[in-house]
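Right, one structure below, let's go through it.
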Amino acid sequence: MWEGIAAGLATAIDPANLAWVALGCLAGTLIGMLPGLGPITAIALMIPVSYSMEPAAGLIMMAGVYYGAVFGGSTSSILINAPGVASTVATSFDGYPMARAGQAGRALALAAYASFSGGVLGALALLLFAGVLAAWATAFQSPDYTLVLILALSSVAAFAERGLVAKSCVAALLGLMLGTVGADPESGVPRFTFGRLDLMDGIAFILVAMATFALADAFHLLTRGDEGEPRTDAGRHVRLAPGDARAIVPTVGRNSVLGFLVGVLPGAGATLASFFAYTFEKRFTSNPACGVAAPESANNAACMGSFVPLLTLGIPGSGTTAVLLGVMLSLGIQPGPRLLAVDPGAFWGVIVSMFAGNLVLLALNLPLIPWLSRLIRISRPVLIPFVVAFSLVGVYLTTLNDFDLYLMLGLAAGALVLRRAGFPLAPLLLGFILSGMLEENLRRTLYLADGSWGTLAERPLTVVLAVACALVWIAPLWRRLRPGHRADAGSGQAPGES
Amino acid sequence: MTRRLVPLAILGVAAAYLWAATRVPLDPWSAGEAVNARTLPLACGALLALFAAGMSLRGVPFMAGPGRYGPLAAIVACIVAFIAAIPFAGLWPALGLFLCAALAVLGERRLTVLLGASIATPALGWVLVEVLLGVYIHPGSLWS
């Protein structure tokens, strides 16, 4: 292994490869900032560039594009509440309120440092445990996925603040329902399409994200008069507030581990990792700095984790890694168990270059923060039309269908009503994102078990996950029933409320 | 009564969704399976109906707001006009018109901002998306 790492180090510190990783990170960050253009698009757009490169250099650059795009998505989430990538939705829960409270620079700096730390810890874990974790990931079966997804949904709903549990459940159910629109993934029969071909492919993630966050937020601000005017970012600096570093160190540590492990699982990825990280972190602290650091460290660590099944087994765990697999094959790199023996330079080079890539990301983004944070100081009559235009164009560029824009408008109106009635919108988006995965895994589980629900508690791992699901629901009930619960009941907001 | 409006509306959505779920066509093979195309929708619809019914009994406070719905209605009208204009004028000219109208509606009167935003933003978008990234977007029936 150490010889391989030395070979990888030699590949990674080659000046040309360092330049490629810097270019990849820069391109990924810039593309990731634009709603509608996530990591998949970023990688796809850079494919022509990679054709002319050495295989290892091409792969190193593409890896940089991937985690650069994930990081770039957090900028629009924090500044204008427009998460263009699912994995940065959780960052907006605390990041956007911080930006509106005059702390845009601090929130962006927290995101940058947490992403860097998550990325570096994830790369370290990848370096040390890639082989062991690949075997663990393949042992994860449909029932386990089903229970993990139920656990994720239960966590967001059940860990809502007091008084918001039922509303969170309603929001999550509405999200699940939106996710069922379109052709049934198994049989292909149309569901809730009402005869419209536009709905056969389902509703695009970016449409729901923009409708429930950016557009609904812009509408909400329009109805509030001057009371919601954001405070100016007095600091305009990239330094953390006193105590931030000490507060986020444990947060970043535990959520990087969590994010990496979730990222290793095929199909789970950075989105689930960031939601898990945010939800569990808010159980420990109400500090918004930790609310930004947790999902950011988790989603970057999850990106590193997703390379485990890709590099060691040749299995793409997500849409993004599937595109990366295509890139690898086009570069003449055959990922899988033999990659380590056949092309150790590429295998270890990619992993070692991730350290350099994360350093480049930090170096690129910290100087940009004072400039980016000025966006929040633009007056509302100017900012709102741009946010609305940004959302509309982002959705149109993804689907090239004007029906989707009408649908988005309708969903934003519904989201505004829900928001005014105090419903948190984050569970809605999570329900929507997880709906397809949940249904697919549940159906596969029951199909393989001849319809027996007992399969969800048959193996030790499923039993543990089932007990975890039960505990997640029992915990809030216990909180309510224990003596003196009224005294310590929080009055904070549920995730996603700002 | 206003406290019950939103839960009742959600209950209505759940009822309509459940009705539509029962009409999802099933092929002969999946009809007998433990989980088929109707299962998750029926489960979600039923659970939503239960939650909404419970909320309807207790009521949910609704933040009516100070009544500044004029600007919202104007922006929504601008959005509808923008979407309707895309097939004819194309994305970028429609975007320019939208930005100009939306900025004016929200009180922006500086000509430099109005014209700058409505010309520079679509031009930048066109260069980035169509020229640099090579994405083809139909120019609109007016120009083709």
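Name the one entry in A:Gly410, A:Gly422, A:Gly451 that is surrounded by fewer than 16 Cβ atoms within 10 Å (Cβ to Cβ) and on the phi > 0 side of the Ramachandran plot.
Values: A:Gly410 fails: on the phi > 0 side of the Ramachandran plot; A:Gly422 fails: surrounded by fewer than 16 Cβ atoms within 10 Å (Cβ to Cβ).
Being surrounded by fewer than 16 Cβ atoms within 10 Å (Cβ to Cβ) and on the phi > 0 side of the Ramachandran plot holds for just one of A:Gly410, A:Gly422, A:Gly451, which is A:Gly451.
To keep it simple, each residue is scored yes or no on (1) open to solvent by less than 10 Å² (accessible area, probe 1.4 Å); (2) without any contact (Cβ under 8 Å) to a residue 24 or more places away in the chain.
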| residue | (1), (2) |
| --- | --- |
| B:Val13 | no, no |
| B:Leu26 | no, yes |
| B:Leu47 | no, yes |
| B:Val60 | yes, no |
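Here are some conditions: (1) assigned to a helix (DSSP H, G or I); (2) within 12 Å of chain B (Cβ to nearest Cβ); (3) open to solvent by less than 40 Å² (accessible area, probe 1.4 Å). A:Ile351 meets all but one. Which one does it not meet?
Looking at each condition in turn, A:Ile351 falls short on (2).
Can you name every residue in segment A:145-165 that is modelled with pLDDT under 70, within 14 Å of chain B (Cβ to nearest Cβ) and surrounded by fewer than 24 Cβ atoms within 10 Å (Cβ to Cβ)?
The answer is A:Ala158, and nothing else.
Scan segment A:194-222 for residues that are at the interface with chain B (Cβ under 10 Å from one of its Cβ atoms) and either free of Cβ contacts under 8 Å to residues at least 40 places away in the same chain or not small (Gly, Ala, Ser) (or both) and jot them down.
A:Phe194, A:Leu215, A:Phe219, A:His220, A:Leu221, A:Leu222
What are the residues in segment B:29-50 that are over 16 Å from A:Leu174 (Cα atoms), part of a helix (DSSP H, G or I) and of a type outside the set (A, V, I, L, M), if any?
B:Trp29, B:Ser30
Would you mind finding the one in B:Leu133, B:Leu97 that is modelled with pLDDT under 90 and in contact with a helix residue (DSSP H, G or I) (Cβ under 8 Å, 6 or more places away or on another chain)?
B:Leu133
Let's see how each residue does on (1) within 30 Å of B:Ala120 (Cβ to Cβ); (2) away from chain B (no Cβ under 14 Å); (3) without any contact (Cβ under 8 Å) to a residue 12 or more places away in the chain:
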residue	(1), (2), (3)
A:Gly394	yes, no, no
A:Leu400	yes, no, yes
A:Asp450	no, no, yes
A:Leu477	no, yes, yes
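Tell me yes or no: at least one residue of segment B:27-43 is within 30 Å of B:Gly116 (Cβ to Cβ) and touching a helix residue (DSSP H, G or I) at 6+ places or on another chain (Cβ under 8 Å).
Checking segment B:27-43: not a single residue is within 30 Å of B:Gly116 (Cβ to Cβ) and touching a helix residue (DSSP H, G or I) at 6+ places or on another chain (Cβ under 8 Å).
Give B:Ala73, B:Ala94, B:Ala89, B:Ala123 a once-over and let me know the one that is more than 7 Å from chain A (Cβ to nearest Cβ), free of Cβ contacts under 8 Å to residues at least 24 places away in the same chain and of a type in the set (A, V, I, L, M, F, W, C).
None of the other options fit; the residue is B:Ala73.
Please tell me if A:Leu407 is more than 10 Å from every other protein chain (Cβ to nearest Cβ) and either acidic (Asp, Glu) or part of a helix (DSSP H, G or I) (or both).
Values: more than 10 Å from every other protein chain (Cβ to nearest Cβ): yes; either acidic (Asp, Glu) or part of a helix (DSSP H, G or I) (or both): yes.
The answer is yes for A:Leu407.
List the helices (runs of 4 or more DSSP H) inside segment B:51-144, counting only whole elements, that have at least 3 residues being under 30 Å from A:Ala421 (Cα atoms).
Numbers: elements: B:70-89, B:91-105, B:111-125.
Of the helices (runs of 4 or more DSSP H) lying wholly inside segment B:51-144, those with at least 3 residues that are under 30 Å from A:Ala421 (Cα atoms) span B:70-89, B:91-105.
Kindly check whether there is at least one residue in segment A:429-439 that is surrounded by fewer than 22 Cβ atoms within 10 Å (Cβ to Cβ) and acidic (Asp, Glu).
Checked segment A:429-439: no residue is surrounded by fewer than 22 Cβ atoms within 10 Å (Cβ to Cβ) and acidic (Asp, Glu).
In segment A:410-430, what count of residues is obtained for those that are facing another protein chain (nearest Cβ under 7 Å) and basic (Lys, Arg)?
Of the residues in segment A:410-430, 1 are facing another protein chain (nearest Cβ under 7 Å) and basic (Lys, Arg).
Residue by residue, here is whether (1) open to solvent by 40 Å² or more (accessible area, probe 1.4 Å); (2) within 19 Å of A:Gly431 (Cβ to Cβ); (3) part of a helix (DSSP H, G or I) holds:
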position	(1), (2), (3)
A:Lys167	no, yes, yes
A:Met177	no, yes, yes
A:Pro185	yes, yes, no
A:Thr193	no, no, no
A:Gly202	no, yes, no
A:Val208	no, yes, yes
A:Ala211	no, yes, yes
A:Leu215	no, yes, yes
A:Phe219	no, no, yes
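Which members of segment B:3-25 meet the condition of being at the interface with chain A (Cβ under 7 Å from one of its Cβ atoms) and under 15 Å from A:Asp184 (Cα atoms)?
Hits for segment B:3-25 are B:Ala20, B:Val24, B:Pro25.
Can you tell me which residue among A:Trp20, A:Trp2 is more than 19 Å from the chain's Cα centre (by Cα) and either modelled with pLDDT of 75 or more or of a type in the set (Ser, Thr, Tyr) (or both)?
Criteria check complete, one pass: A:Trp20.
The values are calculated or read from the model by the stated rules, or taken from the named source; none is laboratory data. Since the structure is predicted, the reported quantities are computational estimates derived from the model, not experimental observations. Cβ atoms come from the backbone with ideal geometry, glycine included; neighbour counts cover every protein chain shown. These accessible areas exclude ligands, DNA and RNA; they are computed on the full protein's heavy atoms, side chains included. Shrake-Rupley method; radii C 1.70, N 1.55, O 1.52, S 1.80 Å.
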